[in-house]
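One structure below.
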Amino acid sequence: MSDLSIQLHWQRAEPALLTGKYSNAHTVQFNSDCDIQVDAAPDWGGDPANTNPEQALASALSSCHMMTFLALAAKAAWPVASYSDHAVAHLGKNAQGQMSVTRIDLRPLVRFDTGFSPSDAELEKMQHRAHRYCFIANTLADSVEINILHPAQTDLMPC
């Protein structure tokens, strides 16, 4: 199996590490040339201009789900023209009362080449298969909801 890694770097900018008096801002490097500025979620004092671990988790799930869907669609000869998603990580307390990403909602919108239109049941079955085979979804277990959007619902997708 594969070992996939990132580099993370944080440097204290304040004179001392004191509760509530330091920045969580840090850099995560993917491969050798892709640096992402990361911070705590804004509700926890992070810079809203930076991504946060919860967004990164939703992004990882959304990307994995899409790639799995595309692989399954290609095997089924479904002519996918485009795929978009609006993933939302919900923060709350888990059953043990600890802060957690309690659920991630995916809202995939798939467009197909003209002349191809799977039924709602076929699309739902394919999306659920993608969820079942997605590595990240298997890691997260039962905390994912898939709410399939149809092209007529594009007004529900944020920019």
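No value in this document is a laboratory result; all are computed from the given coordinates. Because the structure is predicted, anything quoted here is derived from the model rather than measured. Methodologically, a virtual Cβ is constructed for each residue, glycine included, from the backbone with ideal geometry; neighbour enumeration extends over all protein chains shown.
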Inset, instruction - Mind checking the full-extension length gain between residue 34 and residue 140? Use 0.36 nm per residue of separation minus the Cα-Cα distance, one decimal, nm. - result: 35.6 nm
Inset, instruction - Return the Cα extents of the chain along principal axes one, two and three, sorted largest first, each rounded to a whole Å. - result: 64, 37, 33
Inset, instruction - Rounded to the nearest 10 degrees, what's the angle between the helix 120-133 long axis and the longest principal axis of the chain, both from Cα atoms, 0 to 90? - result: 40
Inset, instruction - Would you look at the GNM of the chain, springs on alpha carbons closer than 10 Å, and say which of 31, 147, 94 moves the most? - result: 31
Legend entry - Virtual spin-label span in nm between residue 82 and residue 8, 7 Å along Cα→Cβ: 3.5
Inset, instruction - Evaluate the charge dipole of the stretch 1-115 about its Cα centre and quote only its size in Debye, nearest 20, assuming +1 on the Cβ of each Lys and Arg and -1 on the Cβ of each Asp and Glu. - result: 340
Legend entry - Difference of contour (0.36 nm per residue) and Cα-Cα distance, residue 132 to residue 49: 26.6 nm
Inset, instruction - Distance between Cα centroids, the stretch 16-46 to the stretch 119-140: provide it in whole Å. - result: 32
Legend entry - Tilt relative to the chain, helix 53-75 - C-alpha long axis, 0 to 90 degrees, to 10: 20
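Just to confirm the filter: which chymotrypsin sites (Phe, Trp or Tyr not before Pro) across the stretch 64-156 are DSSP coil and have at most 13 other Cβ within 10 angstrom of their Cβ? Walk me through the numbers on the way to the answer.
Values: sites: 69, 83, 112, 116, 133, 135; in loops: 116.
Passing sites in the stretch 64-156 are 116.
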Legend entry - Gaussian network model of the chain, Cα within-10 Å springs - most flexible of 105, 35, 47: 35
Legend entry - Stokes-Einstein D (µm²/s) once Rh is taken as the Kirkwood radius of the stretch 1-88 over alpha-carbon pairs, at 4 °C in 1.567 mPa s: 82
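For the chain, what does -39500 (n - 2.57) per DSSP helix run (n ≥ 4), summed and divided by total residues, give at 222 nm, in deg cm²/dmol to the nearest 500?
Roughly -9000 deg cm²/dmol at 222 nm, from the helical runs in the chain.
Any chance you could run the full-extension gain for residue 71 through residue 122? It's 0.36 nm times the residue separation minus the Cα-Cα distance, nm to one decimal. Mind dumping the intermediate values first?
Details: separation 51, 0.36 × 51 = 18.36 nm, distance 1.56 nm.
Length difference between fully extended and current span is 16.8 nm.
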